[in-house]
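The values are calculated or read from the model by the stated rules, or taken from the named source; none is laboratory data. Being a predicted model, the structure only gives us computed values, none of them experimental. Note: ideal-geometry Cβ built from the backbone for every residue, glycine included; neighbour counts use all protein chains shown. Note: accessible area is taken over every heavy atom of the protein model, side chains too, but ligands, DNA and RNA are not part of it. Shrake-Rupley method; radii C 1.70, N 1.55, O 1.52, S 1.80 Å.
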Amino acid sequence: MASERIWTAALVVIGDEILSGRTQDKNVAQIAQWLNVQGIRLAEVRVVADREEAIVEAVNTLRARNDYLFTTGGIGPTHDDITVDAIAAALGVGVVHHPEAVAVLERYYATRGGATEARLRMARVPEGAGLIENRMSGAPGIRIGNIFIMAGVPHITAGMLDALTGTLEGGRPVVSKTIGSWVAESEVADLLREAERAHDGVAIGSYPFFREGRTGANFVVRSPDEAAVDACLADVAERLAAAGHTATPGGI
């Protein structure tokens, strides 16, 4: 387990509206969950403003230290959608209209007012890029090297992820299972640390809560090896019981 190849991805969330709080991001969770199924770990997330230099710096930093880089936001039809230009600058290439993207948009908007100049901005890609199918709204996502440029609207992002399913190389999907207990996290921190050390390749996440006037916590055990997850869960349950705490399979 210790020598197994771990595939990683990073995500750059682009948009002033995210940083200002006007829009609540929902893509981090769905991309992380999708990546887990592909056997890829979301290793880091960065939120940046709609400024070319910020996007360039984030893209070049994160693509270099991860197997894959995803971006969301900033690929619409308006003048302030600068993601394509910024990523082209990061890669040192020009921006072109992808002929297939132009054809897709012309078909999509044929009965929706036509493919205007603004709408055709969504066919602009960094030179050398391919497309990610978008069945929801016509405008495709973009793939260039290990970078995947996707929409900011969550349901459109979901459709693009669906189109990518099975196309990325990764490891084994991550298995996660939960156990809960009515106990303060601080009381069992050492117990959890010892259990994690006893099981190679397993990570334990602790998620405290306050409910019904009581303090409790759920413990999520993760690993690509389901047998290792089950063994660690059983170990945690035994350690909790030995410390006088009742364990609840599946969490509380």
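Miscellaneous remarks
- For the stretch 1-34, taking the residues that are part of a helix (DSSP H, G or I), among the polar types (S, T, N, Q) and in contact (Cβ under 8 Å) with a residue 60 or more places away in the chain, the one that is farthest from ARG46 (Cα to Cα) is identified as GLN30.
- Residue in the stretch 219-226 that is open to solvent by 30 Å² or more (accessible area, probe 1.4 Å) and of a type in the set (S, T, N, Q) present: no
- Taken over the stretch 61-90, the criterion of being in contact (Cβ under 8 Å) with a residue 24 or more places away in the chain, part of a helix (DSSP H, G or I) and surrounded by fewer than 19 Cβ atoms within 10 Å (Cβ to Cβ) is satisfied by ASP85 alone.
- Residues of the stretch 189-240 that are polar (S, T, N, Q) and touching a Phe, Trp or Tyr at 6+ places or on another chain (Cβ under 6 Å): SER206, ASN218.
- Unmet requirement for SER186, which otherwise passes all of (1) over 30 Å from VAL37 (Cβ atoms); (2) loosely packed, with under 14 Cβ neighbours inside 10 Å; (3) at pLDDT 95 or above: (3)
- Residue satisfying all of: in the stretch 35-49; at pLDDT 95 or above and surrounded by fewer than 22 Cβ atoms within 10 Å (Cβ to Cβ); nearest to GLU117 (Cα to Cα) among these: ALA49
- Scanning the stretch 223-252 for residues that are free of Cβ contacts under 8 Å to residues at least 24 places away in the same chain, in contact with a helix residue (DSSP H, G or I) (Cβ under 9 Å, 6 or more places away or on another chain) and closer than 23 Å to GLN38 by Cα turns up nothing.
- In the stretch 91-118, of all residues being among the hydrophobic types (A, V, I, L, M, F, W, C) and part of a helix (DSSP H, G or I), the one that is modelled with the lowest pLDDT corresponds to ALA118.
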